[in-house]
Amino acid sequence: MTETIVQSPRTDRHYGLDWLRIAAFALLIVYHIGMVFAPWDWVIKTNHRIPALIAPMSLLTPWRLALLFAVSGYASWHLFAKSGSAGRFLRSRNVRLLIPLAFGMVALVPVEMWVRVMDKGYPHGLIQFWVHDYWRSGEFWGREFPSWEHLWFVAYLWTYTAILAAMLAWRRRWFDACSAFAVSWLSKGWRILWAPAALLAIVKVGLMFVVEEEHGLFRDWAGHAQYVPMFLFGFVLAGAPQLWPPLQRVWKAALGIAAVSGAIVVVVELVFPGEAIPPHWVMASERAAQVVMAWTMTIALFVLADRYWNRDHRLRKTLAEAVFPFYLAHQPVIVLITWYSLPYKFPAPVEFAVLITGTAAICAAFYLIGREIGWLRPLIGLGPRSAHKLPDSSPQPA
């Protein structure tokens, strides 16, 4: 790869953030494969439980999704600037997010839900399930329908985008004034390190004692309290380059704080494994450590991407385009491969190799075939193919 990397000056497109986005989605896929083996509950489990995965996966859990929302916010600012208006920005987001979400719920999520009910004893095949039983509301074979499963990220991202577009359309001056004040205030001293971390921790711990932690667009207040600020941070940062020097100033301290926070998270997970419930003060400490780690790791990774990865490569455009189709397909693929490999009782290393290679191959085929068929491109989050489109102007779906 090093032979074809060319150093380039900073342009409207931040190659480092492209690489960070690619790495974040790749890490998400590997993380979900790890969940098949980890001792925690997940969609489907192998015949193996590997406690050694608790520590490394606990270190990934606090920041992997926060990072994705921050990177998505950064990309959203460039898409908004290119669109020229909040209305056109939202229309482009509708096409690039809602259409893949609908396609995924019609064609991809049914595979995962079928395996879920099969695991409970459902006696029929996928076609029978999709035609007769998938389109229901309520509990069925111990599972709640409808469900968007892993596509919740797309639903959350579109919701945040729609709210942001409404603010930009109706309260643009107010939004710009608030952003300018926040940028000015955070740029002084080390405020950009400690102030967001402290606020996120206070909100996270406060919500823990007020609302139940559960997933769902209209119930996940703890999630929104973390993801919305990260999304807005990425959006504001893209339009406020004066924030980069403060980030550069604190990134090493941020990495150190992330290491300490991660150690707290790992210790709590090891001391209170599985369904064990720690004392309230321990639980509160862990929740605070999680969001502090999310913020500080995001700072460190943004700066590392800016310093060392902000250069182009002949594979960058293809990989940046491929990650969203890979994301759409990866979890149903992992679940299906695991389900059909269970009877063979493979050793754990063999099963991992089957999952990683099978998932990569099927997701690659999903992308490579879909990108060549015009009517399939919008379904998997790709824009129309254009021979005259400049490489650096291709918008990303997330």
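Residues of segment 39-96 being more than 21 Å from the chain's Cα centre (by Cα), over 26 Å from A322 (Cα atoms), assigned to a helix (DSSP H, G or I) and not hydrophobic (A, V, I, L, M, F, W, C), which ones?
P51, G87
Kindly check whether there is at least one residue in segment 174-181 that is free of Cβ contacts under 8 Å to residues at least 60 places away in the same chain, outside any helix (DSSP H, G or I), over 24 Å from L28 (Cβ atoms) and not polar (S, T, N, Q).
The answer is no; no qualifying residue exists.
Out of all the residues in segment 216-231, which are open to solvent by 50 Å² or more (accessible area, probe 1.4 Å) and charged (D, E, K, R)?
The one that is open to solvent by 50 Å² or more (accessible area, probe 1.4 Å) and charged (D, E, K, R): R219.
If K204 meets every condition in (1) without any contact (Cβ under 8 Å) to a residue 12 or more places away in the chain; (2) assigned to a helix (DSSP H, G or I); (3) out of contact with any Leu (no Cβ under 8 Å at 6 or more places or on another chain) apart from one, which number is that one?
That leaves (1) as the condition not met.
Which condition does V250 not pass, out of (1) touching a residue at least 12 places away in the same chain (Cβ under 8 Å); (2) assigned to a helix (DSSP H, G or I); (3) open to solvent by 30 Å² or more (accessible area, probe 1.4 Å), if it passes all the others?
Evaluating V250 over (1) touching a residue at least 12 places away in the same chain (Cβ under 8 Å); (2) assigned to a helix (DSSP H, G or I); (3) open to solvent by 30 Å² or more (accessible area, probe 1.4 Å) leaves (3) as the failure.
Just one of (1) closer than 16 Å to L301 by Cβ; (2) of a type outside the set (A, V, I, L, M, F, W, C); (3) surrounded by fewer than 20 Cβ atoms within 10 Å (Cβ to Cβ) trips up S261, so point out which.
So S261 meets the others, but not (3).
Quick one: what pairs do we get from segment 283-312, first residue farther than 19 Å from W194 by Cβ and open to solvent by 30 Å² or more (accessible area, probe 1.4 Å), second modelled with pLDDT of 95 or more and of a type in the set (G, A, S), C-beta under 9 Å, 6+ apart or different chains?
Final answer for the pair search is L304/G16; R307/G16; Y308/G16; W309/G16; W309/A23; R311/G16.
Take segment 115-155 and flag every residue that is open to solvent by 30 Å² or more (accessible area, probe 1.4 Å), part of a helix (DSSP H, G or I) and either in contact with a strand residue (DSSP E or B) (Cβ under 9 Å, 6 or more places away or on another chain) or without any contact (Cβ under 8 Å) to a residue 60 or more places away in the chain (or both).
Of everything in segment 115-155, those that are open to solvent by 30 Å² or more (accessible area, probe 1.4 Å), part of a helix (DSSP H, G or I) and either in contact with a strand residue (DSSP E or B) (Cβ under 9 Å, 6 or more places away or on another chain) or without any contact (Cβ under 8 Å) to a residue 60 or more places away in the chain (or both) turn out to be R116, L126, I127, Q128, W130, V131, H132.
Only one of these conditions is not met by I22: (1) open to solvent by less than 40 Å² (accessible area, probe 1.4 Å); (2) among the aliphatic types (A, V, I, L, M); (3) more than 21 Å from T359 (Cα to Cα). Which number is it?
The single condition I22 does not satisfy is (3).
Taking the condition of being touching a Pro at 6+ places or on another chain (Cβ under 6 Å) and buried (at least 22 other Cβ atoms within 10 Å of the Cβ), how many residues in segment 64-111 meet it? So that I can check it myself, show each step before the final result.
Going through segment 64-111, the residues touching a Pro at 6+ places or on another chain (Cβ under 6 Å) turn out to be 79, 96, 99, 108, 111.
Applying the additional criterion that residues be buried (at least 22 other Cβ atoms within 10 Å of the Cβ) yields 96, 108.
Of the residues in that region, 2 qualify.
The values are calculated or read from the model by the stated rules, or taken from the named source; none is laboratory data. Treat the numbers as computed from the prediction; the structure is a model and nothing was measured. So basically every Cβ, Gly included, is an ideal-geometry build from the backbone, and we count neighbours across all protein chains shown. Each accessible area value is taken on the protein alone, full model and side chains, heavy atoms only, with ligands, DNA and RNA left out. Shrake-Rupley method; radii C 1.70, N 1.55, O 1.52, S 1.80 Å.
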